[in-house]
């Protein structure tokens, strides 16, 4: 659990007044997340989620909250931000930007089945189609520019073999993004962090997708690869479980068929997605922030995933 900022009941009750959500009954820290402080908030009108943003600036938030509001209005199961009396989707609490969103039903799954992978693939495609008229244009905050900068900062801390692999993959991805095929990939505002713990399942039905605070404009294929690398793998070695991967891709392509260029770059985007989270976890491991409680995730997991992707993928995805 990461709770960077402690708030009092009086502070929260005062902050909630402008949102007309009734009397504050209770609130508690949420045992997940490493970037923001999150609380469940129970009021006389229902259950909500409060987020205090620890690193994001106020000027960054209209994109993230606007994307959530946009998808919610399109009928997708995402948390809807609740505006205050001034129409603001966020405002200061304990000196930090904060927002209140609806609380969705369901729980995350550790070991998804094929039906659940199919459902998350379908959601991803629906979300990619839904952003066609979304005006936000913030680039992926953890894209290749950030990864290369992070790599350079980490160099003095890393074992030689880890540094060599990191440099090798960054060099490969720079070649990929310079290609004409990559430049032709469809893109838009994407979640970019749709792991199992960011999806709430009700049995085999998707209850909702949460935590859009790593969202940004990137290729739809990268977004899909992020999800595949978490939902469809053997957690011990990072290799794909073919039945889960097939279910994810089938669910996706039933809604939005992949293009020829997307199919051709599938392995490269799987590698890019593994690189992004490996670099992030290396940074958190070697350069941790202070927190009241902080769970630093093992960077070796995504090193294994990246190595597995560099060796190949079970089958080449084909356009429908």
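Throughout, read-outs are computed from the coordinates displayed, never taken from laboratory work. Everything numeric in this text was worked out from a predicted model, so none of it was measured. Neighbour counts are summed over all protein chains in view; Cβ atoms, including those assigned to glycine, are modelled from backbone coordinates with ideal geometry.
Relative contact order for region 230-320: 42 percent, from Cα pairs under 8 Å spaced at least 6 residues apart, divided by residue count. Across all directions, the average flat footprint of the convex hull enclosing the Cα atoms of region 114-221 is 8.7 nm². Taking every alpha-carbon pair under 8 Å whose residues sit at least 6 apart, region 9-102 reaches a relative contact order of 25 percent. Distance between the pseudo-spin-label points of residue 111 and residue 250 (7 Å out from Cα toward the beta carbon): 2.1 nm.
Taking the number of Cβ atoms within 10 Å of each Cβ as an exposure proxy, the fewest-first ranking of 145, 170, 209 is 145, 170, 209. Of the beta bridges in the chain, as assigned by DSSP with both residues counted there, near 95 percent are antiparallel. Rounded to the nearest 10 degrees, the inclination of helix 61-73 to the longest alpha-carbon principal axis of the chain is 90 degrees. With the simple spin-label model, which puts each label point 7 Å out from Cα in the Cβ direction, the residue 260 to residue 20 separation comes to 5.5 nm. Among rounded, prolate and oblate, which fits region 151-200 when a ≥ b ≥ c are the square roots of the eigenvalues of its C-alpha gyration tensor, a/c under 1.5 means rounded, and a/b larger than b/c means prolate? Verdict is oblate for region 151-200.
Given all pairs of different Cα atoms, what value in angstroms does the Kirkwood hydrodynamic radius of region 9-102 take? Walk me through the intermediate numbers first.
Numbers: mean 1/r = 0.0737 Å⁻¹.
So the Kirkwood estimate lands at 13.6 Å.
Put a dot 7 Å past the Cα of residue 13, heading toward its Cβ, do the same for residue 204, and the two dots end up 4.8 nm apart. Between the Cα long axis of helix 160-177 and the first principal axis of the chain there is an angle of about 90°, rounded to the nearest 10.
Among 110-116, 78-84, 156-162, how do they line up from the highest to the lowest mean number of other beta-carbon atoms within 10 Å?
Ranked by mean Cβ neighbours within 10 Å, highest first: 78-84, 110-116, 156-162.
Extension gain, residue 163-residue 55: 0.36 nm per intervening residue step, less the Cα-Cα distance, totals 36.2 nm.
Highest average first, the peptides 66-72, 24-30 ordered by how many other beta carbon atoms sit within 10 Å of their residues are 66-72, 24-30. Computing P(r) over Cα pairs in 10 Å bins from 0, in percent for the structure here picks out one of (i) 5, 24, 29, 19, 14, 7, 1, 0; (ii) 6, 23, 26, 20, 13, 9, 4, 0; (iii) 6, 26, 34, 24, 9, 1, namely (iii).
Largest mean-square fluctuation among 230, 284, 218, in a Gaussian network model of the chain whose springs join Cα atoms under 10 Å apart, belongs to 284. Using alpha carbons only, how many degrees (0 to 90, rounded to 10) separate the axis of helix 242-255 from the longest principal axis of the chain? Once rounded, the angle reads 70 degrees. On the principal axes of its alpha carbon atoms, region 187-320 extends 48, 35, 29 Å, with the longest extent given first.
Calculated from DSSP H runs of 4 or more alone, at -39500 (n - 2.57) each and per residue, what is the 222 nm mean residue ellipticity of the chain, nearest 500?
Values: 11 runs with 136 residues, N = 320.
Rounded to the nearest 500, it is -13500 deg cm²/dmol.
Answer rounded, prolate or oblate for region 230-288, using the Cα gyration tensor with square roots of eigenvalues a ≥ b ≥ c: rounded when a/c is under 1.5, else prolate when a/b is larger than b/c, else oblate. Prolate shape, in that a/c is at least 1.5 and a/b is the bigger ratio.
For the chain, what's the relative contact order in percent, using C-alpha pairs closer than 8 Å and at least 6 residues apart?
Numbers: 558 pairs, mean separation 61.4, N = 320.
Here the relative contact order equals 19 percent.
Please state the shape class of region 24-79: rounded when a/c is under 1.5, otherwise prolate if a/b exceeds b/c and oblate if not, all from the C-alpha gyration tensor.
Values: a/c = 2.10, a/b = 1.18, b/c = 1.78.
Oblate is the answer for region 24-79, as a/c is 1.5 or above yet b/c matches or exceeds a/b.
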